[in-house]
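Working notes, beginning with the structure itself.
Quick note: the coordinates plus some simple rules give every number you see, no bench work behind them. Worth saying up front: this structure is predicted, and the values here are computed from it rather than measured. When we count neighbours, we look across all protein chains shown, and the Cβ atoms used for this are built from the backbone with ideal geometry, even at glycine.
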Amino acid sequence: MRKINTDVLIVGTGVAGLYCALNLNRKYHVTMLSKKSADECNTYLAQGGISVCLNKFDVDSFMNDTMNAGMQLNDKDAVKTLVLESMENIDLLDRLGVPFNKINNGFVYTKEGGHEKNRIVHCDDITGKEVFNTLYSIVKSLPNVEILENAEMFDLNLVNNLCLGGYSIYEKEILYIVAKITLIASGGVGGLFKNSTNQPCLTGDGIGMVNRESIKVSSMEHIQFHPTALLTDKSSSKRRFLISEALRGEGALLHNSEGERFVDELLPRNVVAAAIFKEIGKTGSPCVYLDISHKGRENIRKRFPKIYFQCLEYGIDIAKDRIPVAPSQHYLMGGISVDLFGRTGANNLYAAGECACTGVHGGNRLASNSLLECLVFSRRAASDMMKSITSVGEAYKDYISDKVFSIEDGHEVSRKNRLEVIRMIKEVRKDLENELVDC
Ligand code: SIN
C-alpha cells in the first residue's frame with residue numbers, strides 16, 4: 001500500500017469537485033481522484049444549461065418553479081440558497097471564461113420544462129462540456145492541485161467518526177490517502193441502470209461507501225427519468241444519448257406513434273415522463289417522437305449542433321425527421337445527507353453534487369438546476385472547509401490505519417459499494433427492480 005498525505009481529498013472531477021478545488025485557498029494541497037478519465041463525469045454530458053435567477057423580482061418565481069417541480073418535498077432553505085446565490089456563481093463562471101451564448105454582451109436565456117420563464121444560460125447544447133473544459137484547464141494548472149485519473153476510491157478511513165481520507169486503486173496498487181478533509185463529489189447512480197443518460201462508470205460509489213459506514217443517506221427513492229433519451233439501435237455506447245429538454249423549451253413537440261400530441265411538453269420532467277410511459281403502454285410502440293423540424297435546418301444546426309450532428313450519425317435528420325425518444329434514468333435527487341455547507345454526518349467529511357442530498361430538488365429536479373446545485377453548494381463547502389481544516393488532521397498525519405487491502409480486496413469492496421446502492425434502491429423502489437444491472 002502506498003501512502004500519501006494531502007490537506008483536502010476530492011473524490012470526483014465533475015463541476016462540484018473542480019469548483020470546490022478552485023474555491024479553496026491555494027495554501028492547501030488538494031488531491032483529486034477521478035474513477036476514469038477526468039472528463040468521464042455527468043457534467044461533461046449536460047446539454048441544456050444552467051438556471052439562474054434573473055433579478056430580485058425573479059426570486060419567488062424561481063423558488064416556486066423549483067418547489068413545484070419537486071412536488072413541494074424540497075428543503076425550502078436549500079432552495080432559497082440555490083436561487084439567491086445563483087447569479088454570483090454564473091457571473092463567476094462568465095468571468096472565468098465559460099463561453100455562454102450572448103447577445104449585445106448579455107446572456108441569451110432559454111427555457112425548459114417547469115420554468116415559468118426563460119432563465120437558463122447555456123453554451124449551445126454543450127453547456128456541461130464547456131463548463132468542464134474551462135474549470136478543468138484552470139484547476140489542472142494550479143500548483144496546489146494534483147489530479148489523479150483512473151483512481152477508483154473504494155473505502156473511507158474513519159476514526160471515531162472523523163474522516164481521515166480513504167483508499168483508492170491507482171496504477172495497480174492501493175493508494176492510502178491521508179487527508180484532513182474529504183469531499184465526496186462522485187456523481188450519480190446511472191451506471192447501475194440498464195438504461196441511463198449517465199456515464200456508465202457512475203455507480204454511486206461514494207453513496208455506497210458512506211452508507212456502509214452508517215453515515216446518513218436519504219431520499220434514495222427519488223430517481224428522475226428524463227423524458228427524451230434517443231431510442232436507437234445504431235448506438236454502440238452503453239449510455240442513452242440525451243435529447244435536451246431545451247428542444248421542447250424552444251418549441252419541439254411530442255407526438256405518439258399515431259402522430260397525436262398527448263402532453264404539454266413544458267410540464268416538469270416527471271409529469272412528461274409519466275405521460276410518455278402511459279402512451280408507450282397504450283400504443284405498444286417502444287417510443288414516442290419529438291419533432292423540431294418546423295424550426296428550420298439553419299436554426300436547428302446553429303442552436304443544437306451536438307444533437308443535430310449526433311442524430312445524423314444515427315441516420316436521423318432532425319431538420320426533417322421526427323426523433324424517436326423514450327424516458328431513461330437521468331438523475332438521483334437523494335444521496336448523502338448534507339447541510340447547506342455540504343457537511344455530512346461524519347466530521348471532516350463533505351459531499352456535493354449529485355451524490356449529495358441537501359433536499360434542494362425535493363422529489364423531482366427542475367430542469368437545469370443540477371450544474372447550479374454543484375456550483376452553489378460546492379463553493380459553500382469550500383468556504384466551510386477552510387474554517388474547519390484544523391490541526392485535527394495534522395495530529396493524525398502519521399496515523400497508520402489497521403485496514404490493509406490487496407488489489408483484489410479493493411475490487412471486492414468496490415463491488416460491495418455498488419451492491420449496497422442497488423440494495424438501497426431496491427428497498428425503496430420495488431418498481432425499478434428490473435431496471436437495475438447485475439453486479
Ligand atoms: C437537458 O438538457 O434536458 C438536461 C439538463 C438537465 O438535466 O437539467
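Things to note:
- Condition check for residue 197: within 16 Å of the ligand (Cβ to nearest atom) and in contact (Cβ under 8 Å) with a residue 24 or more places away in the chain: yes
- Residue 192 under 16 Å from residue 6 (Cβ atoms) and of a type in the set (A, V, I, L, M, F, W, C): no
Condition check ((1) surrounded by fewer than 19 Cβ atoms within 10 Å (Cβ to Cβ); (2) within 23 Å of residue 219 (Cα to Cα); (3) more than 16 Å from the ligand (Cβ to nearest atom)) across all residues:
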position: 39; (1), (2), (3): yes, no, yes
position: 50; (1), (2), (3): no, no, no
position: 71; (1), (2), (3): yes, yes, yes
position: 85; (1), (2), (3): yes, no, yes
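- Test: residue in segment 126-136 that is of a type in the set (S, T, N, Q) and surrounded by fewer than 22 Cβ atoms within 10 Å (Cβ to Cβ): yes
- Exactly one residue out of 128, 113 is within 16 Å of the ligand (Cβ to nearest atom), among the small types (Gly, Ala, Ser), touching a Leu at 6+ places or on another chain (Cβ under 7 Å) and in a loop (DSSP other than H, G, I, E, B), and it is 113.
- Subset of segment 197-216 that is in contact with a Ser or Thr (Cβ under 6 Å, 6 or more places away or on another chain) and outside any helix (DSSP H, G or I) - its residue that is surrounded by the most Cβ atoms within 10 Å (Cβ to Cβ): 197
- You will find that of 66, 43, 81, the residue that is within 14 Å of the ligand (Cβ to nearest atom) and either closer than 21 Å to residue 339 by Cα or touching a strand residue (DSSP E or B) at 6+ places or on another chain (Cβ under 8 Å) (or both) is 66 and no other.
- Residue pairs meeting the criteria (Cβ under 8 Å; at least 6 apart or on separate chains; first in contact (Cβ under 8 Å) with a residue 60 or more places away in the chain, in segment 128-148; second loosely packed, with under 15 Cβ neighbours inside 10 Å and not basic (Lys, Arg)): 135/96; 138/96
- Verdict on residue 331 being within 11 Å of the ligand (Cβ to nearest atom), in contact (Cβ under 8 Å) with a residue 24 or more places away in the chain and outside any loop (DSSP other than H, G, I, E, B): yes
- Residue match in segment 357-374 (condition: under 22 Å from the mean Cα position of the chain (by Cα), crowded, with 24+ Cβ neighbours inside 10 Å and away from the ligand (no atom under 16 Å from the Cβ)): yes
- Considering residues of segment 226-274 that are hydroxyl-bearing (Ser, Thr, Tyr) and free of Cβ contacts under 8 Å to residues at least 60 places away in the same chain only, the residue surrounded by the most Cβ atoms within 10 Å (Cβ to Cβ): 257
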